[in-house]
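Contents: one structure, followed by commentary.
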Amino acid sequence: MVTVRAPATSANLGSGFDVFGVALDRPGDVVHVEKADTTTIEVTGIGSEYIPEDPEKNTVGAVARALDAPAHIEIDKGVRPASGLGSSAASAAAAAVALDVLYDRGRSKKELVSIAAKGEAVVSGTAHTDNVAPAILGGFTVATEQGVTRINADISLVTCLPEIVLSTRDARGILPERTTIEKVVDTVGKAATLTAGMARSDPELVGQGMHDTIVTPVRSELIPGYESVREAALQTGATGVTISGSGPAIIAVCHEQEQRAVANVMLDSFADHGVEARAYQTEIGEGAQLRAR
Ligand code: HSE
């Protein structure tokens, strides 16, 4: 038996749609794998009742097929599905690393990112790598067709998850097919600012770079209270606020000493809209870790 934990992740960060991602130091999924003739899957933990155990429909089933590594796979969910916190990516990343160890395949972490992305396609329809890259590599990642670049960054974050379910497939279905050159120029500037901020571990630059005029305004309509929560966090010292992944979680960047206050106002603001929520005060964390073998 091999056990691996992979972290929740936050993709996009506003200006880096389908490209940027960060590993969060919590929550995370734990996956146990054991060799078997055919793949079977058992899911426990947060939201497990909504996750199919049929290997054809489960993200880790696709990973086991891609690695040609049949196994009995137990997934203990710490990352709620349909949260915007990379729930399927955490399971896929943990399974890819665990099955690689179980069958002694010796694939590089970057190869495992591509394999885990096949699991993402099962859930969202596209094999985007912006969640699986940080779930495997940790840190801040820039994932493109050419590969993944990882940057170590020391940044304090708050993620606030409302009790709303929003599927990635639905949140992708409403995206605009076209945009303007002005918005492209703005996005390139913000994305470059954010990357420089990560390289310097500077929360002011990262916050400035999180703004986005193409994807976030459309998706925010799907999250009741989004504008109020964002405004409250910014007034309490957050340097940037945006939707985490495809939502409904909201992510704020802040200085460490303001983390608790920012988390509290985000929760209060959701409560003012009649929405229950939970907040995680996190840092940018490590990627998937082997726990036992
Ligand atoms: N980049 C993806 C999206 C992440 O925003 O649709 C999904 O978690």
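The values are calculated or read from the model by the stated rules, or taken from the named source; none is laboratory data. The structure displayed is predicted, hence computed values, not measured ones. Every residue, glycine among them, receives a Cβ derived from its backbone with ideal geometry; neighbour counts consider all protein chains shown. The protein model used for the area step is the full one, side chains on, heavy atoms only, and it has no ligands, DNA or RNA in it. Shrake-Rupley method; radii C 1.70, N 1.55, O 1.52, S 1.80 Å.
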For a quick check of your reading of the model, give me the residue pairs whose first member lies in segment 100-122 and is within 16 Å of GLU145 (Cβ to Cβ), whose second is assigned to a helix (DSSP H, G or I) and among the hydroxyl-bearing types (Ser, Thr, Tyr), with beta-carbon atoms closer than 8 Å and at least 6 apart or on different chains. GLU120/THR59; GLU120/SER88
For residues that are within 16 Å of the ligand (Cβ to nearest atom), under 30 Å from LEU205 (Cβ atoms) and not small (Gly, Ala, Ser), tally how many sit in segment 1-60. 11
If PRO81 satisfies every condition in (1) in a loop (DSSP other than H, G, I, E, B); (2) open to solvent by less than 20 Å² (accessible area, probe 1.4 Å); (3) within 22 Å of SER124 (Cβ to Cβ) but one, which is the exception? (2)
Given the criterion free of Cβ contacts under 8 Å to residues at least 60 places away in the same chain, within 16 Å of the ligand (Cβ to nearest atom), under 22 Å from CYS160 (Cα atoms) and not basic (Lys, Arg), identify the matching residue among SER220, SER246, SER269. SER220
Of those in segment 170-210 that are away from the ligand (no atom under 16 Å from the Cβ) and in a loop (DSSP other than H, G, I, E, B), the residue surrounded by the most Cβ atoms within 10 Å (Cβ to Cβ) is ASP202
Given (1) among the acidic types (Asp, Glu); (2) open to solvent by 10 Å² or more (accessible area, probe 1.4 Å); (3) within 16 Å of the ligand (Cβ to nearest atom), identify the lone condition not met by ASP104. (3)
Could you please find all residues in segment 108-167 being under 20 Å from VAL4 (Cα atoms), part of a helix (DSSP H, G or I) and open to solvent by 40 Å² or more (accessible area, probe 1.4 Å)? LYS109, LYS110, GLU111, SER114, LYS118
Subset of segment 211-246, residues polar (S, T, N, Q), within 21 Å of VAL185 (Cα to Cα), open to solvent by less than 30 Å² (accessible area, probe 1.4 Å) and not in a helix (DSSP H, G or I), comes to THR242
Is at least one residue of segment 82-103 more than 15 Å from the chain's Cα centre (by Cα) and either modelled with pLDDT under 95 or aromatic (Phe, Trp, Tyr) (or both)? yes
Looking only at segment 247-293, which residues are open to solvent by less than 60 Å² (accessible area, probe 1.4 Å) and part of a strand (DSSP E or B)? ILE250, ILE251, ALA252, VAL253, CYS254, ALA277, ALA279, TYR280, THR282, GLU283, ILE284, ALA292
What is the one condition in (1) in contact with a Pro (Cβ under 9 Å, 6 or more places away or on another chain); (2) open to solvent by 50 Å² or more (accessible area, probe 1.4 Å); (3) small (Gly, Ala, Ser) that ALA89 does not satisfy? (2)
Is it true that GLY119 is within 19 Å of the chain's Cα centre (by Cα) and assigned by TED's automatic domain parsing to the domain that holds GLY14? yes
